[in-house]
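Before any comments, here is the structure.
Rule-based calculations on the coordinates, nothing more; no lab input. This one's a predicted model, so the numbers in the text were calculated from it and none came from an experiment. Backbone-built Cβ (ideal geometry, glycine too); neighbour counts: all protein chains shown.
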Amino acid sequence: MFKKLVHIFVLLLIAAIFYAVSFYANDWFSLTMPRHQLLQLPIMLVLGIACGCIFSSFKIKNNAYGIALLIFIMASLIFWMLPRSIDLTIVYPWFNRIMHLHILLVGFLIASVLPYVLFEAKIAFLLMVASMLITSGGTLKVFKILLCSSFTIEQQNETGLYLMFIGIIFFVGSIIFFFREIAKAHKKN
C-alpha cells in the first residue's frame with residue numbers, strides 16, 4: 001500500500017513538473033536555444049525515464065523488440081535535433097507539446113528497454129548517442145551560418161559547444177561502463 005502511494009505521489013510530481021516545463025515555463029525555455037535544447041529536452045527525457053522506473057513491470061526483455069525500440073529511440077532523438085524540427089517547435093506551440101510527449105515516451109522506453117537488452121546493444125546504443133551529441137554539437141559550433149532560424153548564431157554556437165561537452169562526458173561514461181561490465185564478466189568466469 002505504501003509503495004502504491006509513493007508511486008502515485010511520484011506520478012503526480014512528474015505531471016506537475018511536465019505541466020510547469022511544457023506549459024507554464026515554455027516561453028522562457030523557448031527564448032534561447034541552449035535552454036530549449038539543453039534544459040527542456042533533457043527534463044522531458046528524465047521525466048520519461050522516471051515514469052519507466054515507476055512502471056517497472058513494463059519490461060521489454062525480447063532482444064529483437066528491444067533493439068528495434070533502441071533504433072526508434074535513436075531516430076526520435078535525431079529527429080528532434082534537426083534544425084527544421086527545432087524551428088517548428090518554436091514557431092508552433094502545439095508542435096512543441098508533441099516533442100515533449102514524444103521525448104517523454106522516449107525516456108519511458110529507455111527505462112523499459114535498455115536494462116534488458118544484450119550488453120553489446122547497450123554499448124552500441126550508448127556510443128551512438130555519444131557520437132550523435134558530439135557530431136550535432138560540432139555542426140552547431142563550427143557552422144557560421146544560421147541553421148535554426150528561430151535563434152541567433154551565438155546561441156547556436158553555445159548550444160553546439162555544450163552538446164560536444166555533454167557528448168564527450170557521455171562517451172567517457174560509456175567506456176567506463178563497458179570496462180566495468182567486462183571486469184564483472186571476467187570475475188564471474
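For the residue pairs Lys4/Lys122; Lys3/Lys184; Lys3/Lys187; Lys59/Lys187; Lys61/Lys188, alpha carbon separations beyond 25 Å are given by Lys4/Lys122; Lys3/Lys184; Lys3/Lys187; Lys59/Lys187. The modelled label-to-label distance for the pair Asp27/Ala64, using points 7 Å beyond Cα in the direction of Cβ, is 5.1 nm. Contact order, relative form, for the chain: 24 percent (alpha carbon pairs under 8 Å, 6 or more residues apart, mean separation divided by residue count). Helical content of the chain, expressed as a calculated mean residue ellipticity at 222 nm, amounts to -26000 deg cm²/dmol (DSSP H runs of 4 or more residues, -39,500 (n - 2.57) each, divided by residue number, nearest 500). Full extension of the segment from Ala124 to Phe2, taken as 0.36 nm per residue of separation minus the current Cα-Cα distance, would add 40.1 nm.
Checking (i) 52; (ii) 65; (iii) 59 against the coordinates, the calculated percent of Cα pairs over 22 Å apart falls under label (i).
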